[in-house]
1. Would you check which residues across segment 74-91 are in a strand (DSSP E or B) and within 17 Å of residue 7 (Cβ to Cβ) and list them?
2. Return yes or no: is residue 83 surrounded by 15 or more Cβ atoms within 10 Å (Cβ to Cβ) and modelled with pLDDT under 95?
3. Which condition number in (1) more than 10 Å from the chain's Cα centre (by Cα); (2) closer than 17 Å to residue 2 by Cα; (3) in a strand (DSSP E or B) is the one that residue 94 fails?
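The values are calculated or read from the model by the stated rules, or taken from the named source; none is laboratory data. Note that the structure is a prediction, hence the values are computed from the model and not measured. Cβ sites come from the backbone with ideal geometry, for glycine too, and all protein chains shown count toward neighbours.
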């Protein structure tokens with residue numbers, strides 16, 4: 001991937017959007033809702049506190065997470081044609097088990 005997050009940022013691969021509606025209608029790309037779920041690919045070292053120490057990250061690579069709809073900045077992975085997000089750990093609402 002070639003990306004290494006800094007601070008309390010994480011890199012997430014968003015799940016693929018559904019191609020059909022509940023009624024079976026095939027949706028064009030412009031009508032698909034972007035999923036708010038994804039897999040954590042990498043995590044930063046943690047937030048730097050005022051005293052110079054770092055807070056521990058709660059997430060780890062491989063976690064499946066649910067995040068807010070406005071979370072992160074989107075990028076295209078050129079090699080795998082996937083959509084990845086770079087976001088703060090605080091944008092994640094929960095880990096999906």
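1. First, the residues of segment 74-91 that are in a strand (DSSP E or B): 74-77, 82-88.
Across segment 74-91, the qualifying residues are 85, 86, 87, 88.
2. Numbers: surrounded by 15 or more Cβ atoms within 10 Å (Cβ to Cβ): yes; modelled with pLDDT under 95: yes.
Criteria met by residue 83.
3. (2)
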